[in-house]
Amino acid sequence: MSRLKSPEDHVIVVFGATGDLARRKLLPALYHLAEATRLACWYLWPFIPTAAAEGHRRLCAQAPFAGLGAWGVLQPGARVESGPPLFPRV
């Protein structure tokens with residue numbers, strides 16, 4: 001079985017995303033996942049500064065700083081940047 005080699009290999013396809021279920025359940029869940037990941041990057045920033053800052057920048061287009069440690073900084077509908085893995089396998 002082959003492994004995925006790059007971030008470009010990862011794509012989320014949502015069929016029926018204009019429906020009521022997607023609007024009420026799926027899209028808020030994806031937003032909460034992205035916001036939780038952004039917060040994890042913000043809290044890990046002092047311990048792994050390079051990778052956490054890059055992850056935070058990819059999610060909300062700015063480096064972490066003192067005022068961003070709260071829920072709701074990531075705007076709904078914001079575009080998430082792709083890039084090389086933050087923690088590549090050795």
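A few comments on the model shown:
- In terms of packing, defined here as the mean over residues of other Cβ atoms within 10 angstrom, the peptides 57-68, 24-35, 78-89 line up highest first as 57-68, 24-35, 78-89.
- Selection from 36, 66, 26 lying farthest towards where the dipole of segment 19-68 points positive, charges on Cβ: 26
- The ranking of 50, 37 from fewest to most other beta carbons within 10 Å of each one's beta carbon is 50, 37.
- Other residues whose C-beta falls under 14 angstrom from the C-beta of residue 79 contribute a net charge of +2, scoring Lys and Arg +1 and Asp and Glu -1.
- Stretch gain in nm, segment residue 81-residue 62, where the contour uses 0.36 nm per residue and the Cα spacing is subtracted: 5.7 nm
Any read-out appearing in this document is the output of simple, stated calculations on the displayed coordinates, not a laboratory observation. This structure is a prediction, so every number in the text was calculated from the model and none was measured. Glycine also receives a Cβ, built like all others from the backbone with ideal geometry; neighbour counts cover every protein chain displayed.
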